[in-house]
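Every number in this text was worked out from the coordinates using simple rules, so none of it is lab data. Just so it is clear, the model here is predicted, and its values are computed rather than measured. Note: ideal-geometry Cβ built from the backbone for every residue, glycine included; neighbour counts use all protein chains shown.
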Amino acid sequence: MKRVELLITGIVQGVGFRPFVYRTASKYAIAGFVKNTMDGVVIEAQGDDVRIENFISEIKQFPPSSAKIKDIAVKQISLKKDNRFVIMKSNGNQKKRSEITPDIALCENCLTEILDRENRRYFYPFTNCVNCGPRFTIINRLPYDRDNTSMNEFKMCSFCEKEYVSPDDRRFHAQTNCCEKCGPDVFLADSHGIDVSRGTDAIKDTARLLTDGNIIAIKGIGGFHLACNAFSTGAVKTLRRRKNREEKPFALMAKNIAVVEKYCFVSAIEKNFLISPSAPIMLLRKKRNCVAFEEIAPANNYLGIMLPYSGLHYLIFESEQELELLVMTSGNYSEQPICTDSGQALKTLSGIADFFLFHNRKIITGCDDSVMRVLPDGQSLMIRRSRGFAPESINLPFCLKRNILGCGADIKNTFSLAAGNLLYISHHTGDIESPAAFESYLSAMKRYMSILRIEPDVIAYDAHPEYISTIMAISRDFFNEAAKIPVYHHHAHICSCMIDNGLKNRTVIGIAFDGTGYGEDGTLWGSEFLLCDYFSFQRKAHLRPVKLPGGEQAIKQIWRIALAYLIDAFGNDCDINAFKFIKEISRQELVVVKKMIEKNINSPFSSGLGRLFDAVSCMCGLRSSINYEGQAATELESVLDENISAPAYKFDIAREEGKFILDHRITIREITGDILENVPESKISCRFHLTIVQMVREICQLIKTDTGINEVALSGGSFQNVFLSTRIKEILERDGFKVYTHRAMPPNDACISAGQCAIAGFSNS
C-alpha cells in the first residue's frame, strides 16, 4: 500500500474534473480525496501500486473533454486511515494560482434535454452540466465554486441538489446546475423596458419578432448581441444605420451546420471548430450569391458564421422554423465596449434595438465572440481570441523572475499578465480610445489581477508616446512602485510569435507587416525586417517611407495616401486625372493636400505595408476612404484572382547605412500603366500581392547571406491576408528557411501585450 499526492494544473476547474476523478477512484477502489485549490486540483490517492498506477494513467489519458492538463506533479506521502474517496471542500488559501476556465458551448446531452418534451428541463435556456455552460464570464474569484460565481444568487431546488450530490450523474458537482424552478429566468421587454412576456413565451415571442424583421438585443453568456433576420435586408440596413456601422461585416449565427454548408464552403477542419466547445465565429468562403450577404459583408468573399452555443440561442431557432440565419453582432455602438448589464443595455441600446431579451444572471466579465479562419494548408489562424479561448494560459518557453503586466496597444487591444512560466492573455478588449472602452479595459485588468493574484513588478507598454495605454502605464498613480519599460511595437510583434512557437531566446529574422507602429527614429513603421531576440532588435530592411498628408486623417481618407505615393513615384510629372478617385475629390482639397505634401505640413513619414495596400486599393478605384481598419486591404484581396498567370511588378532594393530599402516607385509606375490600359483589378491585385511575396523572398535571402540566419517569424495584421501569409510561408520554406507563424494568438495587435511581457522579462531595467 502507498499514498501519493497529485497536483494537477491546467484547465481542470469547472470542467467536471473532480467528479471524473471521483468516479475513476471508485473504479480502482482508491481511498483519499480530491479538491480544488488555487494551485490547481489536488488529489491524495491511497491503494496498492497497480491500482495507483492505473488510476493516474486513466487521469492522464481520459480526462473530461473540456479539460486541458498541463502538468501532473506526483509525490509519495504518508499513509492515512481512510477507506473511502471523497470530494473535499475547495481551498482558496494556497500561494500559487490555477487556470480560469473559458466558457464552454452547450453539450449534446443538454441540448437533447431542452428539446425533449418529456424532460423536466424542456425549453429551459440555462440548462448546463459539468461539460458545458458559462465559466469565465460568471467567475468572481477562484477556486471555481458556486459561491464564487454569479450563480450564488440562485439556490438549487431539491431535484437539482440531488443531481449535484449523485456521483453517477453528469451534474455531480456542476456549479452552475439549475432548472426552471431554481435558476435564472428570461423575459422580453420593449425599448422602454416594459415587460412583454417571460419564460418560454419570451423566447417564442423573440423568435417571432425576429422573423418579422425586428432588431432584438439579446443578453447572452458574455454580453448582449444585436440580432436580426439575416434575410431581412431592411432589418440589416436599419441595424447598420442605427449602430453606426456603415460597411464593416456583421457576424452571423446559423441554426445548424447544414445551414452553414448551404451557403458556405466548409472543410472538415472548419466544421470541427464550428462544433467545438469553444464555438468561434469562422470566416468561411461564400458558396452562392445572395442579395442579403452583400449587405452583411460588403465587397467580401467571406462570411463570419458561428453556431448556437447556449440554450437560449438554440431555443430561439427552435421556436420559428423560418429562422435559419441571424445577424448576431456585438451589443454596442461602434467602437464602444459590449454591454453586459441589463440596465446599461436598455440605456445604451434603446436607440438600436426594438426589443430586449433579458435574463437575470449577472455577467461578471464581458467577453466578445472569438473569430478564426483556416488557411489552405490546414493551419488555423486566430483573428480574435476571446470567448471559448480566453483566459486560458500559454506556457512560456522560459521562467520569469518578476511578475509583468503588458498593456498592449490601442487598437484590437488585449493586456497580458505573466508570472513564472505562465502567460495569461486577456479576452479581446478592442479599441480603447473612447472613455467607456478604456474604463472597461481597466476594469477587466483589475479583475484578472485579483482573480489570478498577480501584482505586477514590471509594467511594459508601447513606445508610442500618444497611445492611451502608454499614457496610462507611465502615469504617476498606475503601479508607481513597478518598473516601467517601453517596448517598440514591431519588436513586440515578433517576440509574441516566438512565444507562440515555444522559442527560447535566439535570433530570428522577424517580419512585422502592418499599417502603423512607432519606430526608433520617431517615424511610423510597418514593413519591418528585424534581426530579433527577446533582448533587442536591429532593423535590417523596410519599404521606402512615404508621407501621410494629414496623419490620422489620411488613414481614413486613403485617397490622400494614394496621392502621396503617386507624387513620390512620378514627381511633378504625375497625371492624376486618369484615376477614378480623383472624381470624388474637390479641386480645393487636392490643392491643399498637394501643398501639405510639398511643404511637409502635418505629413509624417510612414513605411507601413498597410499604407501601400491602401494606396493601391484606391488607385484601382475600389475605394477612396474607409469605414473600418483594414477595409481597403481586405477589398484588394477579395478581388484577387489566384488563377491568373502574371508576373510580379518590378521593384528596386537599395542599401543605405546597413539597411535594405525596398523602393516601390517603379511598382507604382507599373500599376499605373496597368490601370491606364484598363487591366482588370483582379489581375492588378494578383500581381501586386506577388510583388510583396517576391520582396520578402529577396530580402530574406540578402539577410541570410549577411548573417547566416535561416529562421523567420511572421507577425502583424497584414498576415491576416490569406494569400500573403500562405505564399510567403511556402516560398521561404522552399528556399530552406524555417518559418514560424502565429498559433494560439492573433498576428494583429492583439498579440502585442504578450510580446511586451517577454521583452520586459529579459530587460535589465
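The table below lists the values:
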quantity: Mean separation of Cα contacts under 8 Å, 6 or more apart, over the residue count of the stretch 220-325: relative contact order %; calculated: 36 percent
quantity: Helix-derived mean residue ellipticity, 222 nm - over the chain, DSSP H n ≥ 4, -39500 (n - 2.57), to 500; calculated: -10000 deg cm²/dmol
quantity: Cα centroid separation - the stretch 224-268 against the stretch 54-75, whole Å; calculated: 40 Å
quantity: The stretch 100-376, relative contact order [Cα under 8 Å, separation at least 6], %; calculated: 26 percent
quantity: Rg ratio (alpha-carbon, reference 2.2 N^0.38 Å) - the chain; calculated: 1.00
quantity: Sites Phe478 and Glu335, calculated FRET efficiency, Cβ-Cβ separation with R0 25 Å, nearest 0.05; calculated: 0.60
quantity: Gyration tensor verdict on the stretch 234-323 (Cα atoms; rounded if a/c is under 1.5, prolate if a/b is larger than b/c, oblate otherwise); calculated: oblate
quantity: Added length on full extension, which subtracts the Cα-Cα distance from 0.36 nm per residue, Tyr628 to Ala436; calculated: 67.2 nm
quantity: ³J(HN,Hα), Karplus 6.51/-1.76/1.60, whole Hz, each residue of the stretch 149-163, x for Gly, Pro; calculated: 10, 6, 7, 5, 7, 10, 7, 4, 6, 4, 5, 5, 4, 5, 4
quantity: Among 151-161, 382-392, the order from most to least packed when residues are scored by Cβ within 10 Å on average; calculated: 382-392, 151-161
quantity: Potential extension, Lys347-Lys659 segment - 0.36 nm per residue separation minus Cα distance; calculated: 106.8 nm
quantity: Phi to ³J(HN,Hα) by Karplus 6.51 cos²θ - 1.76 cosθ + 1.60 over the stretch 513-523, Hz, x for Gly, Pro; calculated: 10, 7, x, 8, x, 6, x, 4, 8, x, 9
quantity: 5 angstrom amide H check on Gly10, placed H, neighbours 5+ away; calculated: Lys70, Glu99
quantity: Computed lengthening from Asn83 to Ser166, 0.36 nm per intervening residue step minus Cα-Cα distance; calculated: 28.0 nm
quantity: For Phe85, residues with placed amide H under 5 Å, excluding near neighbours; calculated: Gly32
quantity: Scaled radius of gyration (Cα, divided by 2.2 N^0.38 Å) that the stretch 2-87 gives; calculated: 0.97
quantity: Shape box of the stretch 398-548 [Cα atoms, principal axes, largest first, Å]; calculated: 45, 36, 26
quantity: For the stretch 419-488 and the stretch 133-179, distance of Cα centres in Å; calculated: 32 Å
quantity: Normalised contact order of the chain, rounded percent, pairs of Cα under 8 Å and 6 or more residues apart; calculated: 11 percent
quantity: Whole-number D in µm²/s for the stretch 107-177 (Stokes-Einstein; Kirkwood sum over Cα pairs; 25 °C, 0.890 mPa s); calculated: 193 µm²/s
quantity: Inter-site label distance for Asn600 and Ser57 at 7 Å from Cα along Cβ, in nm; calculated: 7.5 nm
quantity: Overall form of the stretch 471-614 per C-alpha gyration tensor (a/c, 1.5; a/b vs b/c); calculated: prolate
quantity: Proxy reagent accessibility, fewest Cβ within 10 Å first, across Thr200, Thr101; calculated: Thr200, Thr101
quantity: Whole-Å distance, taken between Cα centres, linking the stretch 183-208 and the stretch 20-41; calculated: 42 Å
quantity: Residue pairs, from the table Lys60/Lys81; Lys75/Lys738; Lys556/Lys683; Lys68/Lys162; Lys27/Lys219; Lys547/Lys580, whose Cα atoms sit over 31 Å apart; calculated: Lys75/Lys738; Lys27/Lys219
quantity: Among 322-333, 565-576, 535-546, the order from most to least packed when residues are scored by Cβ within 10 Å on average; calculated: 322-333, 535-546, 565-576
quantity: ³J(HN,Hα), Karplus 6.51/-1.76/1.60, whole Hz, each residue of the stretch 748-755, x for Gly, Pro; calculated: 6, 5, 5, 8, 4, 4, 5, x
quantity: Long-range HN-HN contacts of Arg198 with modeled amide H, under 5 Å; calculated: Leu188
quantity: Rough spin-label spacing in nm, given labels placed 7 Å along Cα→Cβ, for Ser191 and Val74; calculated: 6.4 nm
